[in-house]
1. Measure nothing but the geometry: give the 0 to 90° angle between the long axis through the Cα atoms of 9-24 and the longest principal axis through the Cα atoms of the chain, rounded to 10°.
2. When you take every Cα atom in segment 3-74, what is the radius of gyration, and what is Dmax, the widest Cα pair distance, in Å?
3. With each run of n ≥ 4 DSSP H residues scored as -39500 (n - 2.57), what mean residue ellipticity at 222 nm is computed for the chain after dividing by its residue count and rounding to the nearest 500 deg cm²/dmol?
Amino acid sequence: MNFFEQLKPEVKRKFNWTLLLIATIDRIPAKYFSHMEGTTGLYEVRVEVGNDIYRVFSFFDKGQLVILINGFTKK
């Protein structure tokens, strides 16, 4: 089962909102999407719901498409 399918409905909604934000605005707040220090081209999508923090590693493909590669919950 993949990471997204296991999430609660409210977390899925927040992820969808965050991904829409990333897709539609030019200057994305670092709270939601940021470059990971010490890497070349690896980014983190970050979602907070209540006391839980969800993170998904990602990168750009040819500068246009964000590829999501691994998700986890930070406790």
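Coordinate-derived values only; no laboratory data. For clarity, every value in this text was computed on a predicted model and none was experimentally measured.
1. 20
2. So, for segment 3-74, Rg and Dmax equal 11.9, 35 Å respectively.
3. Working: 2 runs with 20 residues, N = 75.
Roughly -8000 deg cm²/dmol at 222 nm, from the helical runs in the chain.
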